[in-house]
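Chemist: This is the structure I have questions about; it appears just below.
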Amino acid sequence: GQSLEQPSEVTAVEGAIVQINCTYQTSGFYGLSWYQQHDGGAPTFLSYNALDGLEETGRFSSFLSRSDSYGYLLLQELQMKDSASYFCAVRVESGYALNFGKGTSLLVTP
Amino acid sequence: DAGITQSPRHKVTETGTPVTLRCHQTENHRYMYWYRQDPGHGLRLIHYSYGVKDTDKGEVSDGYSVSRSKTEDFLLTLESATSSQTSVYFCAISLDRANTEAFFGQGTRLTVV
């Protein structure tokens, strides 16, 4: 089986930086993805890491360490609109399933 | 927006009745997924498909069946709905196995009374 662990809630101040961690346990590993979901909306893709290191996309960056089975999403220059749930997801090598963590609810305060 | 449509968007049904949710895509993506989302549980995979007539179970497949007779349509059926299946259901599609990006439909809110 597999499991993904991420914090359930994070609060940060507008303009600050926040890091959302994700640890995973899988029998095989293909890559780690991050998705954002606003209340009442559908999840939308943010980033993907297949190799170790940092991927940067504007204010958002994502990091992966395959040896540590660990990744994180870094959000910089936080804005109120960043208040949302953030999910990490893994695809395993042995199949086609895409499995998600339980999500981290980010609240950005003024 | 990716061309992915779920229908219906909302449905209320009675316990014990059959229900079918439809996911339609215009992107010709090979992979399609059905998830349910419940508070405290995140997105849980019900079933997925990796081609026409090729489907497999996810972690919460009990009580659900799926069919994919055409590339563009992936149907999720609750043979006999139960109150525990009250949830928001999301369909997702992805182009390739590496799945660098998956696109989600807008969801179907199902209430079983």
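Chemist: Condition check: within 15 Å of the chain's Cα centre (by Cα), among the polar types (S, T, N, Q), loosely packed, with under 15 Cβ neighbours inside 10 Å and within 14 Å of chain B (Cβ to nearest Cβ). Does A:Ser62 satisfy that? If you could, list the steps in order and put the result at the bottom.
Modeler: Details: within 15 Å of the chain's Cα centre (by Cα): yes; among the polar types (S, T, N, Q): yes; loosely packed, with under 15 Cβ neighbours inside 10 Å: no; within 14 Å of chain B (Cβ to nearest Cβ): yes.
Taking the combined requirement at face value, the residue does not satisfy it.
Chemist: Another question, then. Tally up the residues in the stretch B:6-27 that are assigned to a loop (DSSP other than H, G, I, E, B), open to solvent by 80 Å² or more (accessible area, probe 1.4 Å) and under 17 Å from B:Ser83 (Cβ atoms), please. Show your work before the answer.
Modeler: Start the filter on the stretch B:6-27 by keeping residues that are assigned to a loop (DSSP other than H, G, I, E, B), which leaves B:8-9, B:14-18, B:26-27.
Adding the requirement that they be open to solvent by 80 Å² or more (accessible area, probe 1.4 Å) leaves B:9, B:14-15, B:18, B:26.
Now restrict to residues that are under 17 Å from B:Ser83 (Cβ atoms): B:14-15, B:18.
Number satisfying all stated conditions: 3.
Chemist: State which residue is nearest to the other protein chains (Cβ to nearest Cβ) when the search covers only the stretch A:20-59 and only residues that are without any contact (Cβ under 8 Å) to a residue 24 or more places away in the chain, of a type in the set (Gly, Ala, Ser) and in contact with a Phe, Trp or Tyr (Cβ under 8 Å, 6 or more places away or on another chain). It would help to see each step written out before you state the result.
Modeler: In the first step, residues of the stretch A:20-59 are kept if they are without any contact (Cβ under 8 Å) to a residue 24 or more places away in the chain; the result is A:40-42, A:44-45, A:48-59.
Going one step further and asking which of them are of a type in the set (Gly, Ala, Ser), we end up with A:40-42, A:50, A:53, A:58.
Now drop any that are not in contact with a Phe, Trp or Tyr (Cβ under 8 Å, 6 or more places away or on another chain), which leaves A:42, A:50, A:53.
On the way: A:Ala42: 4, A:Ala50: 7, A:Gly53: 15 Å.
Here the residue is A:Ala42.
Chemist: Could you pull out the residue among B:Thr71, B:Thr82, B:Thr86 that is among the polar types (S, T, N, Q), free of Cβ contacts under 8 Å to residues at least 60 places away in the same chain and farther than 15 Å from B:Gln37 by Cβ? Before the answer, list the steps.
Modeler: Working: B:Thr82 fails: free of Cβ contacts under 8 Å to residues at least 60 places away in the same chain; B:Thr86 fails: farther than 15 Å from B:Gln37 by Cβ.
Result of the check over B:Thr71, B:Thr82, B:Thr86: B:Thr71.
Chemist: Would you mind finding the one in A:Leu32, A:Leu54 that is over 27 Å from B:Arg109 (Cβ atoms), in contact with a Ser or Thr (Cβ under 8 Å, 6 or more places away or on another chain) and surrounded by fewer than 16 Cβ atoms within 10 Å (Cβ to Cβ)? Let's see the steps before the verdict.
Modeler: Working: A:Leu32 fails: surrounded by fewer than 16 Cβ atoms within 10 Å (Cβ to Cβ).
Result of the check over A:Leu32, A:Leu54: A:Leu54.
Chemist: While we're here: Being within 12 Å of another protein chain (Cβ to nearest Cβ), surrounded by fewer than 19 Cβ atoms within 10 Å (Cβ to Cβ) and in a strand (DSSP E or B) is the filter here; which residues of the stretch A:1-19 pass it? Steps first, please.
Modeler: Let us first name the residues in the stretch A:1-19 that are within 12 Å of another protein chain (Cβ to nearest Cβ), namely A:1-6, A:8-9.
Okay, now just the ones that are also surrounded by fewer than 19 Cβ atoms within 10 Å (Cβ to Cβ), so A:1-3, A:5, A:8-9.
A:Ser3, A:Glu5, A:Glu9 - these are the residues of the stretch A:1-19 that are within 12 Å of another protein chain (Cβ to nearest Cβ), surrounded by fewer than 19 Cβ atoms within 10 Å (Cβ to Cβ) and in a strand (DSSP E or B).
Chemist: Which condition from (1) at the interface with chain A (Cβ under 9 Å from one of its Cβ atoms); (2) aliphatic (A, V, I, L, M); (3) farther than 23 Å from A:Tyr35 by Cβ is the one that B:Val12 breaks?
Modeler: It fails just one condition, (1).
Per-residue answers, yes or no, for (1) more than 26 Å from B:Tyr48 (Cα to Cα); (2) out of contact with any Leu (no Cβ under 9 Å at 6 or more places or on another chain):
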residue	(1), (2)
A:Asp52	yes, no
A:Ser61	yes, no
A:Ser67	yes, yes
A:Tyr70	no, no
A:Ser85	no, no
A:Asn99	no, no
A:Lys102	no, no
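Chemist: Suppose we keep only residues that are open to solvent by less than 10 Å² (accessible area, probe 1.4 Å) and closer than 20 Å to B:Gly58 by Cβ within the stretch A:65-94. Which one would you say is farthest from the chain's Cα centre (by Cα)?
Modeler: Ranking the candidates gives A:Arg91 first.
Chemist: Okay, next question. Among the numbered conditions (1) touching a Cys at 6+ places or on another chain (Cβ under 8 Å); (2) surrounded by fewer than 17 Cβ atoms within 10 Å (Cβ to Cβ), tell me where B:Leu76 comes up short.
Modeler: The number of the failed condition is (2).
Chemist: Now for a separate question. Name the residues in the stretch B:56-113 that are of a type in the set (Gly, Ala, Ser), within 14 Å of another protein chain (Cβ to nearest Cβ) and not in a strand (DSSP E or B), would you?
Modeler: Restricting attention to the stretch B:56-113, the residues satisfying the condition of being of a type in the set (Gly, Ala, Ser) are B:58, B:61, B:63, B:65, B:67, B:69, B:80-81, B:83-84, B:87, B:92, B:94, B:98, B:102, B:105, B:107.
Add one more test, that the residue is within 14 Å of another protein chain (Cβ to nearest Cβ), and what stays is B:58, B:61, B:92, B:94, B:98, B:102, B:105, B:107.
B:Gly58, B:Ser61, B:Ala98, B:Gly105, B:Gly107, listed by residue number.
The values are calculated or read from the model by the stated rules, or taken from the named source; none is laboratory data. Fair warning: this is a prediction, and the values are worked out from it, not measured in the lab. Here the Cβ is made from the backbone with ideal geometry for all residues, glycine too, and neighbour counts use every protein chain on show. For accessibility, only protein heavy atoms count, side chains too; no ligands or nucleic acids. Shrake-Rupley method; radii C 1.70, N 1.55, O 1.52, S 1.80 Å.
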